[in-house]
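Student: I am attaching a structure below and will ask some questions about it afterwards.
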Amino acid sequence: MLTCCVLSVVIGGLLWSRKQANQHANKLLASLLFIYAYIYFVTVLITDGGIVYVPHLFRTAAPLNYLIGPLIFLYVRASLLSATRPHYRRYAWLFLPALLNIIEFIPFYAQSATYKLDRLQSLATVHNSLFTIREGLLPPQFHLIGYSLSSLIYSLLAARLWWRYRRQEGQNPHSNPVFANWLSTFVLVHVSVNLVWVIEMPFVRYIGFGNLTMNITYTIAQLTICLYILRRPALLYGAYTLSRPEPARTPIEPPTIIPADRSVIQDQDLMASADPAELERDIQDKLRQLEQYMASQQPYLQPRLSLADVSVATRIPPYLLSAMLNRVLGLDFRDYVNAHRVRHLCQLLEGNKYAHLTLEGISTQAGFSSKTTFYRAFQKHTGVTPAQYLLNSDLSNN
């Protein structure tokens, strides 16, 4: 159990610190792992007797159980929709049960260490204390049932989201199979574990191993998730996207294909072909795959989009992706992404949806994070300044 705590903290820290396009979803997953780690850390202290040295930690982890279900649901939702900005106000009510539970426990939290040690000593002689413990105003078992049903219901809602997504989208050729398998496993593990616990909960209360059964059940879930991520490190460094394709406002023309320099493109799979025509077709296919991915997923709207992110999503090796952009399209990765951002920004300027914003404000909607970069990229790819572009657009409309 302590191993699970350490793994959860390490993996959660990596997910939280990684600067990736879908950073919001990663932080939700990291938060879930941190909560798992703290709950089991306190459980280890209680089981091994270490809680007597820090009695004020007793029951501090309990309300966090109400956060597990919402985080499962929000993580799956953010992953499927590639949500880049948290909607705190919209979903804040999901965390209300945890807040109410904390408020209910405040009188107990305010008690002295001596009082809590006496309480711990009295519970030490009780079998299945989880079914009889009561520190707030509500009757015993109320929160245990609430924690369990909350996690199960939100896990089922997450599974429903995933099922509807797969049913509607089918096998998207531009989605990431590594991430798709991970999300399936994540949902299945949580649905299975929570369903098993809810089914066995009415029975284990009558045996002497109720607490142990619950701990083992959820430890299996936590350990499975941590080991899965460790065995597939791509989840830590870039396998982040499986978002619903959104049609572009205007069709994006395929890139102009310039005959590739075979000495530069050194992908082993491509070079295995001795036919130059076959090699050229492979390169063009990869470029079309890249352009279709950029058009449907619009990853350029992410300010910190990296070459590694696109490489993982399209399954084109980074060195090959960079070589194709440099030698075939004559652009480096940053210029290529900025070209898409400028094109998207021009589409925004043609509408009135963002008329209340300044040019700099609209540029952030297109993925630019720097005013200087925005102006330089816009003039490079359009040949005019943003102000001149707006003036020309107004003149053409009049």
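Student: Scan the helices (runs of 4 or more DSSP H) fully inside the stretch 316-374 and keep the ones with 1 or more residues being among the acidic types (Asp, Glu). So that I can check it myself, show each step before the final result.
Tutor: Numbers: elements: 318-323, 333-350, 359-365.
The qualifying helices (runs of 4 or more DSSP H) are 333-350, 359-365.
Student: Does residue 349 satisfy the criteria of being of a type in the set (A, V, I, L, M) and crowded, with 20+ Cβ neighbours inside 10 Å? Write out each step before concluding.
Tutor: Working: of a type in the set (A, V, I, L, M): yes; crowded, with 20+ Cβ neighbours inside 10 Å: no.
Against the criterion (of a type in the set (A, V, I, L, M) and crowded, with 20+ Cβ neighbours inside 10 Å), residue 349 does not qualify.
Student: Exactly one of (1) within 31 Å of the chain's Cα centre (by Cα); (2) at pLDDT below 85; (3) surrounded by 13 or more Cβ atoms within 10 Å (Cβ to Cβ); (4) within 30 Å of residue 287 (Cβ to Cβ) is unmet by residue 337. Its number?
Tutor: (2) is the only condition that residue 337 fails.
Student: Out of curiosity, is residue 157 at pLDDT 90 or above and in a helix (DSSP H, G or I)? Explain how you work it out, then say what you get.
Tutor: Working: at pLDDT 90 or above: yes; in a helix (DSSP H, G or I): yes.
When the stated conditions are applied, residue 157 passes them.
Student: Any residue that is among the polar types (S, T, N, Q), on the phi > 0 side of the Ramachandran plot and modelled with pLDDT under 95 - is there at least one of those in the stretch 58-81? Quick ask: steps written out before the conclusion?
Tutor: Of the residues in the stretch 58-81, the ones among the polar types (S, T, N, Q) are 60, 65, 79.
Add one more test, that the residue is on the phi > 0 side of the Ramachandran plot, and what stays is none.
No, the stretch 58-81 contains no residue that is among the polar types (S, T, N, Q), on the phi > 0 side of the Ramachandran plot and modelled with pLDDT under 95.
Student: Mind telling me which of the residues 8, 31 ends up being in contact with a Phe, Trp or Tyr (Cβ under 9 Å, 6 or more places away or on another chain), at pLDDT 85 or above and either crowded, with 23+ Cβ neighbours inside 10 Å or under 26 Å from residue 294 (Cβ atoms) (or both)? It would help to see each step written out before you state the result.
Tutor: Numbers: 31 fails: either crowded, with 23+ Cβ neighbours inside 10 Å or under 26 Å from residue 294 (Cβ atoms) (or both).
The match here is 8.
Student: Also, quick follow-up: crowded, with 21+ Cβ neighbours inside 10 Å and under 29 Å from residue 80 (Cα atoms): which single residue out of 311, 363, 370, 322 fits that description?
Tutor: Working: 311 fails: crowded, with 21+ Cβ neighbours inside 10 Å; 370 fails: crowded, with 21+ Cβ neighbours inside 10 Å; 322 fails: crowded, with 21+ Cβ neighbours inside 10 Å.
On inspection, the qualifying residue turns out to be 363.
Student: Is at least one residue of the stretch 38-57 touching a Cys at 6+ places or on another chain (Cβ under 7 Å) and modelled with pLDDT of 90 or more?
Tutor: yes
The values are calculated or read from the model by the stated rules, or taken from the named source; none is laboratory data. For clarity, every value in this text was computed on a predicted model and none was experimentally measured. Glycine also receives a Cβ, built like all others from the backbone with ideal geometry; neighbour counts cover every protein chain displayed.
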